[in-house]
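All of the numbers you see were taken from the coordinates with simple rules; none came from a lab. Note that the structure is a prediction, hence the values are computed from the model and not measured. Cβ coordinates were reconstructed from backbone atoms using ideal geometry, including for glycine residues, and neighbour counts include every protein chain displayed.
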Amino acid sequence: MSKLSTQSILIMFVAMSMIPAGDTAGKLLSWGLGAHPIYVSWSRFFIGTLMVLPFIPKGTWALLKDIRVWGRALLMATGLSCIQMALSLEPIADVFAAFFIGPLVSYVLATIFLRETITWQRTALIFLGFIGVLIVVRPGSDAGVGLLWAVAAGTCYGAFLTASRWIAHLGTPIGLTFTQLFISALVLAPIGAMNIPTLTGEIMWLTTLSALFSMLGNLLLLYAYKTVPATRLAPLVYFQLLAAVILGWVFFETWPAMLTWVGLLIVMGAGITSARLRA
């Protein structure tokens with residue numbers, strides 16, 4: 001299947017809603033219940049590893065011998081830890097808007113390391129999206145330090161996307177998903193295990209939901225990219241921003257400020273136009 005069918009759009013909508021939903025559960029843990037952001041990240045990777053383990057294909061463990069697989073997983077571990085720090089301090093919609101510096105980082109790195117083609121239209125649109133991120137973050141204003149954590153998370157994620165394209169040929173979607181979960185859980189275990197909160201029913205429930213939504217969202221994303229060209233699916237990634245705004249309003253009664261809306265619209269417009277140009 002290569003066309004952007006109704007099924008593909010539905011899968012992407014569900015995937016892009018699940019990822020912010022997992023982050024919403026993480027924000028409820030850290031912001032509402034006092035759980036350490038690193039615990040939220042580590043528990044998500046640890047539980048995700050256990051969920052995926054029964055389904056890994058033959059040869060998955062051999063992927064751990066490749067240093068590139070470790071580098072990619074470390075980018076994910078760092079990025080998720082940064083975004084959990086951001087979510088513990090800032091509204092979820094603002095965090096996701098700043099996080100979308102990732103496409104700029106991915107574009108630059110893919111051009112340098114993967115020799116992807118440069119066009120002046122896409123370059124202009126990518127930098128327009130960066131301006132949108134700057135409007136949200138507003139350096140030098142009273143914007144919180146949490147947005148700087150979000151920018152750091154987006155930078156790591158952009159590098160992660162490029163690394164994912166670099167090593168996509170090494171294994172199956174499930175196999176590569178398992179490696180990033182397992183390595184990240186292993187690396188974050190010392191800090192995460194030291195910060196395990198008192199495991200009340202509410203904390204255990206939200207911890208499980210955070211891991212489940214994140215893992216399923218990313219797995220659906222991998223399967224969508226396996227069946228439909230990335231250039232056709234790329235605009236639908238911006239469903240995350242819409243989901244983040246709605247979830248922030250429902251669970252935290254926060255609504256983006258006017259300048260944040262301007263930045264959100266610039267980021268979404270530039271991203272969708274850039275993806276359509278590629279297609």
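Using the Cα centre of the stretch 47-153 as the reference point, and only Cβ charges (+1 on K/R, -1 on D/E), how large is the resulting charge dipole? Debye, rounded to the nearest 20.
Using Cβ point charges on Lys, Arg, Asp and Glu, the stretch 47-153 gives about 480 debye.
Would you calculate a helix-derived [θ] at 222 nm for the chain, using -39,500 (n - 2.57) for each DSSP H run of n ≥ 4 and dividing by the full residue count, to the nearest 500?
-25000 deg cm²/dmol
Across the stretch 80-229, how large is the tail of the calculated P(r) beyond 21 Å, expressed as a percent of all Cα pairs?
Percent of Cα pairs beyond 21 Å in the stretch 80-229: 56.
Can you divide the C-alpha Rg of the stretch 49-165 by 2.2 N^0.38 Å and report the result to two decimal places?
1.23
Among Trp255, Pro91, Leu134, pick out the residue whose Cα is farthest towards the positive end of the charge dipole of the chain, where Lys and Arg carry +1 and Asp and Glu carry -1 on C-beta, about the Cα centre.
The residue sitting most towards the positive pole is Leu134.
Which of Ile174, Ile183, Ile56, Ile131 has the fewest other C-beta atoms within 10 Å, and how do the rest follow up to the most?
Listed from fewest to most nearby Cβ atoms, that is Ile131, Ile174, Ile56, Ile183.
Would you mind ranking Ser164, Ser41 by Cβ crowding within 10 Å, fewest neighbours first? Can you show the working numbers first?
On the way: Ser164 17, Ser41 29.
Least crowded to most crowded, the residues run Ser164, Ser41.
Within the chain, what is the longest stretch that has no trypsin sites (Lys or Arg not before Pro) placed in a DSSP loop and near at most 16 other beta-carbon atoms within 10 Å?
Counting at most 16 other Cβ atoms within 10 Å as exposed, the longest clean stretch of the chain is 116-279.
Could you give the size of the charge dipole of the stretch 6-278 about its Cα centre, using +1 on the Cβ of each K and R and -1 on the Cβ of each D and E, expressed in debye and rounded to the nearest 20?
940 debye
HN-Hα J couplings of the stretch 192-200 from phi, Karplus 6.51/-1.76/1.60, θ = phi - 60°, integer Hz, Gly and Pro as x?
Whole-Hz 3J(HN,Hα) from phi for the stretch 192-200: x, 5, 6, 10, 5, x, 4, 7, 6.
Using Cβ counts within 10 Å as a stand-in for footprinting exposure, how do Met51, Met215 rank, fewest first?
Final ranking by Cβ density, sparse to dense: Met51, Met215.
Using only the alpha-carbon atoms of the chain as identical scatterers, what base-10 log of I(q)/I(0) does the Debye formula give at q = 0.08, 0.17 Å⁻¹?
-0.31, -1.51
Using θ = phi - 60° and the Karplus curve 6.51 cos²θ - 1.76 cosθ + 1.60, what whole-Hz ³J(HN,Hα) does each residue of the stretch 158-169 get, with Gly and Pro shown as x?
Result, rounded to whole Hz: x, 5, 4, 4, 5, 5, 5, 5, 5, 10, 4, 6.
Normalised by the number of residues in the stretch 6-278, what is the relative contact order in percent for Cα pairs under 8 Å and 6+ residues apart?
Numbers: 411 pairs, mean separation 111.1, N = 273.
Reported relative contact order: 41 percent.
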